[in-house]
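I have placed the structure first, in the form of structure tokens, so that the comments after it can refer back to it.
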Amino acid sequence: MAEPGNFTIHSTDGLARRGTLSTAHGEIQTPIFMPVGTQGTVKAVAPDDLENIGAQIILGNTYHLYLRPGDDLVARRGGLHKFSQWNKPILTDSGGFQVFSLSSIRTISEKGVEFRSYLDGSKHFFSPEKVVSIQQNLGSDIMMVLDECVGFGADRDYTAQSLERTTRWAQRCRDAHEPGQNGQIMFGIIQGGFHEDLREKSLAQLSEIPFEGFAIGGLSVGESTEEMYKILNHIAPLMPKEKPRYLMGVGTPLDILEGIGAGVDMFDCVLPTRNARNGTLFTSQGKVNIKRAEFKEDDGPLDPACNCYTCRTFSRAYLRHLYVSGEILSYRLNSLHNLAFFLELARQAREAIVQGRFDKLKAHYQNIYGPGSRA
RNA sequence: GGUGGGGUUCCCGAGUGGCCAAAGGGAACAGACUGUAAAUCUGUCGGCGAACGCCUUCGGAGGUUCAAAUCCUCCCCCCACCA
């Protein structure tokens, strides 16, 4: 098997790439969507379900797992793979997003970030080194550097200073973990807000550090789709071509296709799982809000074009009943389907790139999920 | 048969003279959700109207009052206990 971090591009279609990334727990076919499993579980979905729908890699979160059950405890159980019984690749986020999402209960300094636990209010300190150590304990295949995810409202001066600090933190993370050490690879994270020149600066600085891959952070933090696409399309093509590119926290089906079209290889987003729990399902015909009265006696499948267990087995009327009744099975079946849809979208993208018709695929989905559509 | 309690907008339930088309919850109907403090949150929820507003509604019928879901009279129904 190829060395963890090895990335091979098999074919391209415009800027879009079809590749394979090697990790200690197997290969990842890109472009790929990665289900989010913050607390060591993709909410409502068991590992065998994930395998069945073709998930290749899932996420875990440094901050959450450090607070509970504790990374030491996980290490004593043989690492996150063994603990959670997911034996394929795992990417752990660094807690950088929590710098943004928990901004009301943290303070940032050059040394790192002091957080108050959302569980009990206790104080905790995350330095770049600490975050690496936690991820080493968790044993993830892909570690992310500690970064500051700057919100959409941040001004240019702050964003510029923050980006420099994120670079220094990135270097410290790299220094704390040799390339390929224990089979764990590490990605740097580009920040720079919504200024193209700052994004370029962040990229230039991070490119000097020998990371196995690079991520675009700080998007989908409150900006418009137009603003997000502008930055995405500007920076993604400038990123090192021979390394995997990861767009963090994005996004909708169209966002993902936009990203792939810009040359991004990896995506993660809570949207399919969270929306599933909240009754919004993604289908080949657009979004379906399963709680709507119109599905009360709809005996058809959720998505006739989908081959997942949910769509093969149950009617819209039943899925609506489960959701409206607050039944646990609703969360599982809905999550399973939405994830299957996102994974299938990525699979179709891989296929289309090889066949040189990625633009057609993208146009197809724009037609379904675009502004003029009902979804 | 007696005594006490009670009948409120789809449901439960607050309201005991004006600030009441009537708290709160539920249901219903719709919307949001982008590196998960989210099985969460938001809006609408008597009718007409863009709106000032007008109309209908608090078991029924009458009455008192400038004004009644709220006070009085009679009637109907429910619950508890007593006979």
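A compact table of results
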read-out	value
Summed side-chain charge close to A:VAL250 - residues other than A:VAL250 whose Cβ falls under 11 Å, Lys, Arg +1, Asp, Glu -1	-3
3J(HN,Hα) from dihedral phi, the stretch A:264-278, Karplus parametrisation 6.51/-1.76/1.60, rounded to Hz, x for glycine, proline	8, 9, 9, 9, 9, 6, 7, 3, x, 7, 5, 4, 4, 5, 9
Calculated FRET efficiency for the pair A:HIS364/A:ASN289, C-beta based, R₀ 22 Å, to 0.05	0.50
Taking only Cα atoms of the stretch A:136-248, radius of gyration then Dmax in Å	13.7, 41
Protection proxy ranking of A:300-311, A:34-45 - average other beta-carbon atoms within 10 Å, highest first	A:34-45, A:300-311
Kirkwood Rh, angstrom, the stretch A:56-192 [1 / mean 1/r, Cα pairs]	15.2
Kirkwood Rh and Cα Rg combined as Rg/Rh, chain A	0.96
Shape category assigned to the stretch A:66-130 from the gyration tensor of Cα positions, a/c cut at 1.5	prolate
Point-charge dipole on Cβ atoms (K/R +1, D/E -1) for the stretch A:1-111, about Cα centre, debye to 20	260
For the stretch A:250-298 versus the stretch A:184-202, the gap between their alpha-carbon centres in whole angstrom	27
Distance cut-off 21 Å, percentage of C-alpha pairs in the stretch A:1-108 lying past it	46
Dimensionless Rg ratio for the stretch A:170-233, taking C-alpha atoms and the 2.2 N^0.38 Å reference	1.26
Residue-averaged 222 nm ellipticity for chain A, from DSSP H runs of 4+ at -39500 (n - 2.57), nearest 500	-12000 deg cm²/dmol
Folded to 0 to 90 degrees: helix A:328-354 orientation relative to chain A principal axis, Cα	70
Bins of 5 Å, starting at 0 and running to the largest distance - Cα pair percent for the stretch A:98-170	3, 15, 24, 24, 20, 10, 3, 0
Amide proton proximity set for A:GLY37, modelled H, under 5 Å, gap of 5+	A:LEU59, A:GLY60
Unpaired by the 4.7 Å Cβ criterion, cysteines found in chain A	A:CYS149, A:CYS173, A:CYS269, A:CYS308
Percent RCO, i.e. relative contact order, over chain A, from Cα pairs under 8 Å lying at least 6 residues apart	18
Where a label projected 7 Å from the Cα of A:GLU208 along Cα→Cβ would reach, residues of the stretch A:236-264 with amide N under 18 Å	A:239-240
For the stretch A:216-375, average projected area of the Cα convex hull in nm²	9.9
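Each value in this text was obtained by applying a stated rule to the coordinates, not by laboratory testing. What you see is a predicted model; the values in this text were computed from it and never measured. As a convention, Cβ positions derive from the backbone with ideal geometry for all residues, glycine included, and neighbour counts pool all protein chains shown.
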